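Worksheet: one structure, shown below.
Values quoted throughout were computed directly from the atomic coordinates according to the rules given, and no laboratory measurement underlies them. In this text, all values refer to a predicted model and were calculated from it rather than measured experimentally. Neighbour counts are summed over all protein chains in view; Cβ atoms, including those assigned to glycine, are modelled from backbone coordinates with ideal geometry.
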Amino acid sequence: MADMDIYQVLDRLPQRYPLLLVDRVLECEPGKRIVALKNVSANEPYFPGHFPRRPIMPGVLILESMAQAACVLAFRTLGDEVDANSVYYYAGVDKARFKRPVIPGDQLIVEAVVMARKRGLWKFSCTARVDGNVVTEAVILCTMRSVGAKEA
């Protein structure tokens, strides 16, 4: 159940600012589950446009935070760090429900639990909470692929 700081997260995720949506891993049981943290800052680049007078975190970015936490879990399970040829794609999102808005100052706690893994396709049950209250739930399907470097 080891935690991971931002530098260890960066070793396992290809995303970088402004799309890195996991700040820390609080718990990780490879092959089973992960609990990750996203500090939602008033300085997030999407808040000026979503929405100017009442900023809320876009639901698709909450789902992206879930997928990134799931990606870290998958890489930890496989014992891999991300390399230049590894990509992690959404394969589907099911049963997404948004219970309440996430606003600047919130700490988003994301849990992803492995439901199934077959032929490179991973299925996760994901929950995001703020102050212990569920804000978003979804079932997320993802796949990892190795892509070759482009030749000149």
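Of note:
- Where a residue in the stretch 129-146 is in contact (Cβ under 8 Å) with a residue 60 or more places away in the chain and its partner, wherever it lies, is surrounded by fewer than 16 Cβ atoms within 10 Å (Cβ to Cβ) and not in a strand (DSSP E or B), with Cβ under 6 Å and at least six apart: VAL135/LYS99; VAL135/ARG100; SER146/ASN85
- Screening the stretch 26-47 for residues that are among the charged types (D, E, K, R) and closer than 18 Å to VAL139 by Cβ and picking the one that is nearest to the chain's Cα centre (by Cα) gives ARG33.
- Residue selected from the stretch 48-65 under the condition among the charged types (D, E, K, R) and assigned to a loop (DSSP other than H, G, I, E, B), by the criterion farthest from CYS142 (Cα to Cα): ARG53
- When THR136, THR127, THR143 are screened for being touching a strand residue (DSSP E or B) at 6+ places or on another chain (Cβ under 6 Å), under 17 Å from TYR88 (Cα atoms), surrounded by 10 or more Cβ atoms within 10 Å (Cβ to Cβ) and among the hydroxyl-bearing types (Ser, Thr, Tyr), only THR143 passes.
- Residue match in the stretch 8-25 (condition: of a type in the set (D, E, K, R), within 16 Å of the chain's Cα centre (by Cα) and in a strand (DSSP E or B)): yes
- In summary, strands (runs of 3 or more DSSP E) completely within the stretch 66-152 and bearing 3 or more residues that are farther than 21 Å from LYS32 by Cβ occur at 86-98, 133-146.
- Beta carbons closer than 6 Å, at least 6 apart along the sequence or on distinct chains, pair a first residue in the stretch 32-43 that is polar (S, T, N, Q) with a second that is part of a strand (DSSP E or B) for ASN39/GLN107.
- Test: residue in the stretch 51-59 that is more than 16 Å from the chain's Cα centre (by Cα) and surrounded by 16 or more Cβ atoms within 10 Å (Cβ to Cβ): yes
- Criterion (buried (at least 20 other Cβ atoms within 10 Å of the Cβ), out of contact with any helix residue (DSSP H, G or I) (no Cβ under 8 Å at 6 or more places or on another chain) and on the phi < 0 side of the Ramachandran plot) met by exactly one of ALA112, ALA42, ALA69: ALA69
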